[in-house]
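Asker: Take this structure first; my questions come after.
The values are calculated or read from the model by the stated rules, or taken from the named source; none is laboratory data. Just so you know, these numbers come straight off a predicted model, no measurement behind them. Here the Cβ is made from the backbone with ideal geometry for all residues, glycine too, and neighbour counts use every protein chain on show.
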Amino acid sequence: MYPHTKMALYPGCLVLQRMPAYERASRAVLQAIDIGLEIVQQPVCCGAPVAESFSTDWIYLAAYNLARVEQTGHDTVVTLCGSCTNALVRAGRALQADDVRAEANRRLARWGLSITGPVAVKHLVRLLVEREDDLRARIVRPLSFRVALTNPCQIFRPGDLMGVAGEDPMAPRAMRRLVELTGAEVLEYGGEDECCGATLYLAAPKLSLALGRRKLEATHGEKADLMLQGCGNSQLLLRRFQRAIVRDDPALRQKALLLPQLIGLAMGLPAGELGLREAHAP
């Protein structure tokens, strides 16, 4: 077992405001393997919704959050959303340039903040894979679910930026390995590595819902017990917006859980700690 470790947590707007159960379950699972989380104070949007679309100033939104991470005294921040992870990593890369970092620090000075060093950004999936042996030792209630998972694509792609050692960015296996630790069966339904459609919703809602429907149809055909997400965006689409997706075909309705909730069940953690009884905010 690793010695007690503490890291910063940047939950992101979506999780913070609409999915407290995701944060609660993540904390519970990490605490069980001796990792504590300190939430970043006064976070703002990661910048992903505007990244490179309207203005390069999105970098300074991300820089603000990274500076808040530094303020905690931790050099690693845990993320729960694929878009947040990607935006923070990309901003961190951009901030290596002296002129970009200088401009960021000029803007951050009004809050008494600055960027002084690199911050390691780790999505929950990546962190859990690194502690795979610790997780395995805590499994006390093997599960028998048939699970259709959706990989959080933005934590792996593009490979030259987000690359995780030993993972094919177009067909990552990390989340599959974590699910298999619980005893659950991972179904081959053909959509594991496809975009869920969530990040398209603001610009093209009809296309977003159509992609979500394609996943639901595929998992229904394979008789999945549940769909499993490792990203707040995916969970928003495939659970919160599921009613709109299947309005004309209620038979497609599917249970949707988040990765730490499934792992927590296999660890024997109480349902309350995993937020299994909490509804998502609209």
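Asker: For region 194-209, how many residues meet the condition of being part of a helix (DSSP H, G or I) and of a type in the set (Gly, Ala, Ser)? Give the steps one after another, and end with the answer.
Answerer: Going through region 194-209, the residues part of a helix (DSSP H, G or I) turn out to be 198-200, 205-209.
Next cut, of a type in the set (Gly, Ala, Ser) only: 198, 208.
Of the residues in region 194-209, 2 are part of a helix (DSSP H, G or I) and of a type in the set (Gly, Ala, Ser).
Asker: Step by step: first the residues of region 236-256, then only those that are touching a helix residue (DSSP H, G or I) at 6+ places or on another chain (Cβ under 7 Å) and part of a loop (DSSP other than H, G, I, E, B), then the one that is surrounded by the fewest Cβ atoms within 10 Å (Cβ to Cβ). Which residue is that?
Answerer: Per the criteria, the residue is 253.
Asker: Here's another thing I want to ask about it. If you go through region 117-133 one residue at a time, do you hit one that is in a loop (DSSP other than H, G, I, E, B), modelled with pLDDT of 95 or more, among the aliphatic types (A, V, I, L, M) and under 21 Å from residue 22 (Cβ atoms)?
Answerer: No, region 117-133 contains no residue that is in a loop (DSSP other than H, G, I, E, B), modelled with pLDDT of 95 or more, among the aliphatic types (A, V, I, L, M) and under 21 Å from residue 22 (Cβ atoms).
Asker: So, one more: Just to be sure, is residue 80 within 16 Å of residue 14 (Cβ to Cβ) and touching a Gly at 6+ places or on another chain (Cβ under 9 Å)? Reasoning before the result, please.
Answerer: Numbers: within 16 Å of residue 14 (Cβ to Cβ): yes; touching a Gly at 6+ places or on another chain (Cβ under 9 Å): yes.
Yes.
Asker: Anything in region 163-188 that is surrounded by fewer than 21 Cβ atoms within 10 Å (Cβ to Cβ), modelled with pLDDT under 95 and on the phi < 0 side of the Ramachandran plot? List them, or say none.
Answerer: Selection gives 163, 164, 165, 167, 168, 169, 170, 171, 173, 188.
Asker: Restricting the search to region 138-160, which residues are surrounded by 13 or more Cβ atoms within 10 Å (Cβ to Cβ), farther than 15 Å from residue 175 by Cα and touching a residue at least 12 places away in the same chain (Cβ under 8 Å)? Please lay out each step first, then the result.
Answerer: Step one: filter region 138-160 for residues surrounded by 13 or more Cβ atoms within 10 Å (Cβ to Cβ), giving 138-139, 143, 145-157, 159.
Among the residues that remain, those that are also farther than 15 Å from residue 175 by Cα are: 138-139, 143, 145, 159.
Listed by number, the residues that qualify are 138, 139, 143, 145.
Asker: Which of (1) in a helix (DSSP H, G or I); (2) surrounded by fewer than 17 Cβ atoms within 10 Å (Cβ to Cβ) is the odd one out, the single condition residue 270 does not satisfy?
Answerer: Of the numbered conditions (1) in a helix (DSSP H, G or I); (2) surrounded by fewer than 17 Cβ atoms within 10 Å (Cβ to Cβ), the odd one out for residue 270 is (1).
Asker: Filter region 26-77 for residues that are modelled with pLDDT of 95 or more, among the small types (Gly, Ala, Ser), within 19 Å of residue 105 (Cβ to Cβ) and buried (at least 20 other Cβ atoms within 10 Å of the Cβ) and give the result.
Answerer: Within region 26-77, 62, 63, 67 qualify.
Asker: Restrict the check to region 256-273 and report whether at least one residue is in contact (Cβ under 8 Å) with a residue 12 or more places away in the chain, within 22 Å of residue 210 (Cβ to Cβ) and not aromatic (Phe, Trp, Tyr). Give the steps one after another, and end with the answer.
Answerer: Step one: of region 256-273, the residues in contact (Cβ under 8 Å) with a residue 12 or more places away in the chain are 256-269, 273.
Adding the requirement that they be within 22 Å of residue 210 (Cβ to Cβ) leaves 256.
Right, trim to not aromatic (Phe, Trp, Tyr) and you get 256.
For region 256-273, residues in contact (Cβ under 8 Å) with a residue 12 or more places away in the chain, within 22 Å of residue 210 (Cβ to Cβ) and not aromatic (Phe, Trp, Tyr): present.
Asker: Would you be able to say whether some residue in region 97-108 is crowded, with 21+ Cβ neighbours inside 10 Å, touching a helix residue (DSSP H, G or I) at 6+ places or on another chain (Cβ under 9 Å) and either more than 25 Å from residue 15 (Cα to Cα) or assigned by TED's automatic domain parsing to the domain that holds residue 9 (or both)?
Answerer: Going through region 97-108, the residues crowded, with 21+ Cβ neighbours inside 10 Å turn out to be 104.
Filter once more, keeping what is touching a helix residue (DSSP H, G or I) at 6+ places or on another chain (Cβ under 9 Å): 104.
Add one more test, that the residue is either more than 25 Å from residue 15 (Cα to Cα) or assigned by TED's automatic domain parsing to the domain that holds residue 9 (or both), and what stays is 104.
Taking every residue of region 97-108 in turn, at least one turns out to be crowded, with 21+ Cβ neighbours inside 10 Å, touching a helix residue (DSSP H, G or I) at 6+ places or on another chain (Cβ under 9 Å) and either more than 25 Å from residue 15 (Cα to Cα) or assigned by TED's automatic domain parsing to the domain that holds residue 9 (or both).
Asker: Continuing with this model, one more query. Go through (1) touching a residue at least 24 places away in the same chain (Cβ under 8 Å); (2) closer than 19 Å to residue 159 by Cα and name the single condition residue 130 misses.
Answerer: Single failed check for residue 130: (1).
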